[in-house]
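Presented below is the structure to which this report refers.
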Ligand SMILES: Cc1ncc(COP(=O)(O)O)c(C=O)c1O
């Protein structure tokens, strides 16, 4: 184990200098240096004072006193039964400082944004200990063994031509099983010849941006909240991105027809209908219908980002918008949430007339993700391993979501949570004007966290303060620590 004393002793080269009283100081300095430099990570269990004393050839009291003082300073923690450990938030505490006072108030109060932020001028640099930023699934849960099994089977059965330059739409084996899966699980009208594989949703969006521009489209409407990387991609294709207005029900698609809001140049709309990113609601049936009506009437296209469509907890699955009109909706799906973003496997289900245009934009040098990976994913889907993995992850994320809701209710009863019926993140409303201070307090706790205003379209006025909590991101082992750190910074 990385955190036990064997590693510590071997890697740390702890060399306290001095005699008597000085020896204790020397030991404290050596330990502080080891923590400060990151050689001793937060949570690392230190050896007992007895064994460290033997190891260093000093009196046991010298070590015990040094530990006690470092605990008092906030570098270490000591708990009955779990020994002495490097504190999660190991920072020097000057006697009498406000930080010291607020920490003395105890966990859950000392870490409050006000207290922590007032006493700290800059958050500690370096990699955060916990990560609750949205956008990534639990990478530690990647189904390595099943993936390996699928890979072995796929490679052994692959024809020689699979290792050559292939069809720019992607392997037919994968497009065939994907068509079946998407129809079954997401209500997508999918046929293999309408599917084009791409290297992540971003790749598909980039291609669609180029296709739309080549068609003479000048504007793609986007939601009031979203990802700036997506807006950048469309911008690079030469498109403008007016934001659709937003209310408590979500994106107001009815404004698409209002020229004074949208202008005449809008030829397509980018939407996250299953689970709006990041605000979290599903696009209401009437607003779906209105969007499709607009596309039919205006000859426009709807770009459906179904990034986490598999993860729905409380209600019947919300089917894909694409099922309403496969000739007006470009469906974009990805394995980035359901499996892992590192795979770079995603798919577009296109209106028939667009397939040629998308392939023309891909050109002859863009061969998407590797054929062996595509074949592996095809086998993974066909064998049922994908369904099993998604079901297991749904349970796991649902459990975390429930724990998040319960912890917030207990520790910060005034905090409202929304967007929890689906996906891997939730939105926690904050009192007006407190988002930045809570984020700074989180950073100081070693917790990576993002606020909703980070995702606000530049033309949309600021109307709320909130956290976007990615509860899917931590590994199981880091989850409870991350949740505790979050609770400490909530008002
Ligand atoms: C809203 C949204 N769409 C799509 C994606 C997936 O992107 P990709 O498939 O390029 O990894 C993400 C990933 O964070 C996302 O947040």
Hey, any hits in the range 146-168 for a residue that's in a helix (DSSP H, G or I), within 16 Å of the ligand (Cβ to nearest atom) and within 23 Å of residue 387 (Cα to Cα)? no
Give the residue that is nearest to residue 458 (Cα to Cα), with candidates limited to residues of the range 188-229 that are within 10 Å of the ligand (Cβ to nearest atom) and assigned to a helix (DSSP H, G or I). 229
Do you know which residues across the range 37-46 are crowded, with 17+ Cβ neighbours inside 10 Å and within 17 Å of residue 26 (Cβ to Cβ)? 40, 46
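Okay, residues lined up against (1) outside any helix (DSSP H, G or I); (2) surrounded by fewer than 19 Cβ atoms within 10 Å (Cβ to Cβ); (3) free of Cβ contacts under 8 Å to residues at least 60 places away in the same chain; (4) not assigned by TED's automatic domain parsing to the domain that holds residue 213:
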position: 364; (1), (2), (3), (4): yes, yes, no, no
position: 372; (1), (2), (3), (4): no, yes, no, no
position: 375; (1), (2), (3), (4): no, no, no, no
position: 394; (1), (2), (3), (4): no, yes, no, yes
position: 401; (1), (2), (3), (4): no, no, no, yes
position: 438; (1), (2), (3), (4): no, no, no, yes
position: 441; (1), (2), (3), (4): no, no, no, yes
Going by the structure shown, is residue 154 touching a helix residue (DSSP H, G or I) at 6+ places or on another chain (Cβ under 6 Å) and buried (at least 16 other Cβ atoms within 10 Å of the Cβ)? yes
Looking only at the range 275-295, count how many residues are in contact with a helix residue (DSSP H, G or I) (Cβ under 8 Å, 6 or more places away or on another chain) and either in a loop (DSSP other than H, G, I, E, B) or farther than 15 Å from residue 243 by Cα (or both). 10
Is the range 297-316 home to any residue that is assigned by TED's automatic domain parsing to the domain that holds residue 257, touching a helix residue (DSSP H, G or I) at 6+ places or on another chain (Cβ under 6 Å), over 20 Å from residue 223 (Cβ atoms) and away from the ligand (no atom under 16 Å from the Cβ)? yes
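So that you can scan it fast, the table gives a plain yes or no per residue for (1) touching a strand residue (DSSP E or B) at 6+ places or on another chain (Cβ under 9 Å); (2) farther than 21 Å from residue 305 by Cβ:
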| position | (1), (2) |
| --- | --- |
| 344 | yes, no |
| 348 | yes, no |
| 356 | no, yes |
| 361 | no, no |
| 372 | no, yes |
| 375 | no, yes |
| 378 | no, yes |
| 381 | no, no |
Look at residue 182 and say whether it is within 16 Å of the ligand (Cβ to nearest atom), surrounded by 16 or more Cβ atoms within 10 Å (Cβ to Cβ) and in a helix (DSSP H, G or I). yes
Pick out the one residue from 303, 339 that is at pLDDT 95 or above and part of a strand (DSSP E or B). 303
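The values are calculated or read from the model by the stated rules, or taken from the named source; none is laboratory data. Note that the structure is a prediction, hence the values are computed from the model and not measured. Note that we place each Cβ from the backbone using ideal geometry, even for glycine, and neighbour counts take in every protein chain shown.
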